[in-house]
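The values are calculated or read from the model by the stated rules, or taken from the named source; none is laboratory data. Just so it is clear, the structure is predicted and the values come from calculations on it, not from any experiment. In this analysis, Cβ positions are derived from the backbone assuming ideal geometry, glycine residues included, and neighbour counts consider all displayed protein chains. Just so you know, the surface numbers come from the protein's heavy atoms only, side chains and all, with ligands and any DNA or RNA stripped out. Shrake-Rupley method; radii C 1.70, N 1.55, O 1.52, S 1.80 Å.
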Amino acid sequence: MTDSIEPSTSTSDPNSNSTPTPTILLHPRREPFEHGLLPIQKLIFTDPVQALTQLKEKLSSSLALRVGSAALADALQISSDHARLILDTLSSVLHSESDPLVTARPEDVDSIGADLRDLVLFLYIQSYKRLLPRSHKDSAAVADVWPSTSAFDGYLSALSPLQLVRSNTRRFMPSLADEEAHQLSYLQKHLANILSLLSEPVEGEGEESMILTMKGFEHLGFLIHFGDKGSEGVPLSQAAPFFANSDPDMPAVPVLASQVHDWLLEIIAASLEHVSEKNSAKESGSPSSSDQDIAMSDASPGSAKASQSASSSFFIEGVSKSSYVKQASDLKNSSVKAVRVEHCERVHVILASKRVCIVNCRECIFFLGVNQRPLIVGDNHKLQVAPYNTFYSQLEEHMTEVGIDATINRWHEPLALGVIDPHDSLSHPAGVADAQTESAACLDPDQFTNFLIPNWFEGEPIKSTGNNPFPLPDLYFTSQQRNKKNLGEIQQILREAPLEENRKRELSCALHIYFKDWLYASGNIRQLYCLLGD
């Protein structure tokens with residue numbers, strides 16, 4: 001979304017029962033809804049308000065109001081692995097860069113813990129159901145989606161991710177505007193519950209017994225923001241007439257939760273209407289310049305497409321028989337902390353990130369430099385993981401910006417969760433939700449190779465990174481050194497071979513033929529085509 005209005009400068013009495021007229025637009029934060037949902041059945045409560053209120057009371061005994069994984073595992077009766085996964089995931093999607101959990105070293109996460117208010121909001125939205133794909137005008141095309149519901153197994157189809165690309169079904173997936181409207185509707189429906197979890201009781205009856213402090217109100221920033229730049233937009237407390245004119249040297253006066261509820265409901269309604277108007281304009285043939293949807297074309301070497309949403313989420317789609325490169329300057333106002341890879345088949349992915357989530361992929365290899373355990377969910381087959389295998393001149397600078405520690409790489413500790421994601425709005429057979437997805441195997445060290453990133457951009461300033469900052473495990477390092485030694489010995493034998501010139505030419509020709517055959521057989525020929533194309 002690109003349209004926003006400056007925050008109100010109203011000086012209305014915060015104790016008045018009148019509801020201020022909304023003068024700003026509200027947007028849901030995409031991060032918690034896209035990267036913060038975990039397919040753990042125990043996190044989806046039948047009565048989330050009652051369950052989380054009890055959880056709050058149980059965990060609020062700490063004066064610091066911060067929760068470590070041990071206390072969380074005990075309170076929710078979940079495994080220590082799942083409790084740590086909650087804290088790691090929350091740290092990747094938090095709205096406040098100043099929160100100590102965001103900057104915590106992996107070994108300090110448990111001792112620092114999560115803010116209890118952010119934690120209960122994170123757990124509450126685990127009940128969120130994602131928007132279903134748009135209906136197809138041609139009923140015969142319904143089966144042409146992977147994965148899709150099936151009359152036989154309820155959740156899988158025979159089509160692969162590559163067939164998903166070729167069937168051009170991306171156009172039937174919800175647009176960013178559709179998803180924003182869906183998230184706004186969810187917030188509208190659950191706002192009273194969300195505010196009750198952030199409110200504090202005082203003496204009184206009914207609505208008069210719950211108040212919201214400015215600090216409690218600011219934790220809504222986990223779910224919403226005003227303006228279009230997320231955390232860089234309008235601060236929540238400055239957008240609200242209840243707190244906008246507060247004396248910075250004095251604690252702000254708490255307000256009734258019911259008053260905040262009524263004010264936000266009006267803004268959400270206005271924001272929904274704004275999204276609806278933009279969708280109507282698009283459908284009538286006047287597409288908005290801010291719309292970032294991609295109409296996928298058939299898979300081809302040049303079909304890779306990318307888009308960036310207004311909230312700085314970046315999407316890369318349709319990569320087939322090609323490599324895709326983006327410069328740091330292309331990712332405006334972005335910091336890559338959590339990466340989601342889904343619906344990929346026979347793709348090599350190289351990434352350095354705090355966190356990666358792999359969903360519905362087949363026969364892929366992931367070369368990872370990650371501080372958190374790789375999360376694997378959905379219907380996956382024959383995945384392999386390997387250590388990070390490349391570098392570029394600004395890599396360490398970019399890693400420092402987002403807090404990635406090169407001394408900690410958990411690439412070899414994938415955490416496999418359920419085959420079925422309970423956040424999808426689909427019905428599934430009984431018992432299937434408890435099935436665990438297929439995990440990933442470690443790549444054979446003898447198959448490990450380094451990936452060289454060419455210097456496409458001459459004149460690029462020289463930075464500090466001169467080699468792979470992630471240390472290679474001993475098995476991979478030994479294999480790499482052995483291959484390097486074998487190559488050196490072969491090169492020396494060829495140089496010293498007592499052959500006549502015509503025999504040397506024949507040998508050279510034979511080596512080229514075998515090398516070409518290997519390029520085609522291994523699929524590496526596409527990398528040469530990419531270099532030639534650039």
Tabulated pairs, region 80-101, first touching a residue at least 24 places away in the same chain (Cβ under 8 Å), second among the aromatic types (Phe, Trp, Tyr) and crowded, with 22+ Cβ neighbours inside 10 Å, C-beta under 6 angstrom, 6+ apart or interchain: Leu90/Phe122; His95/Phe222
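Quick grid of which residues meet (1) open to solvent by less than 20 Å² (accessible area, probe 1.4 Å); (2) closer than 17 Å to Leu121 by Cα; (3) under 23 Å from the mean Cα position of the chain (by Cα):
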position: Ser60; (1), (2), (3): no, yes, no
position: Ala70; (1), (2), (3): no, no, no
position: Leu76; (1), (2), (3): no, yes, no
position: Ile86; (1), (2), (3): yes, yes, yes
position: Leu90; (1), (2), (3): yes, yes, yes
position: Ser98; (1), (2), (3): no, no, yes
position: Val102; (1), (2), (3): yes, yes, yes
position: Arg105; (1), (2), (3): no, no, yes
Filter result for the condition that a residue is of a type outside the set (S, T, N, Q), in contact with a Gly (Cβ under 9 Å, 6 or more places away or on another chain) and at pLDDT 90 or above, over Arg29, Arg84: Arg29
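Restricting attention to region 359-374, and to residues there that are aliphatic (A, V, I, L, M) and crowded, with 24+ Cβ neighbours inside 10 Å, which single residue is nearest to Leu38 (Cα to Cα)?
Among them, the one singled out is Val370.
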Lys463, sole failed condition from (1) surrounded by 13 or more Cβ atoms within 10 Å (Cβ to Cβ); (2) modelled with pLDDT of 80 or more: (2)
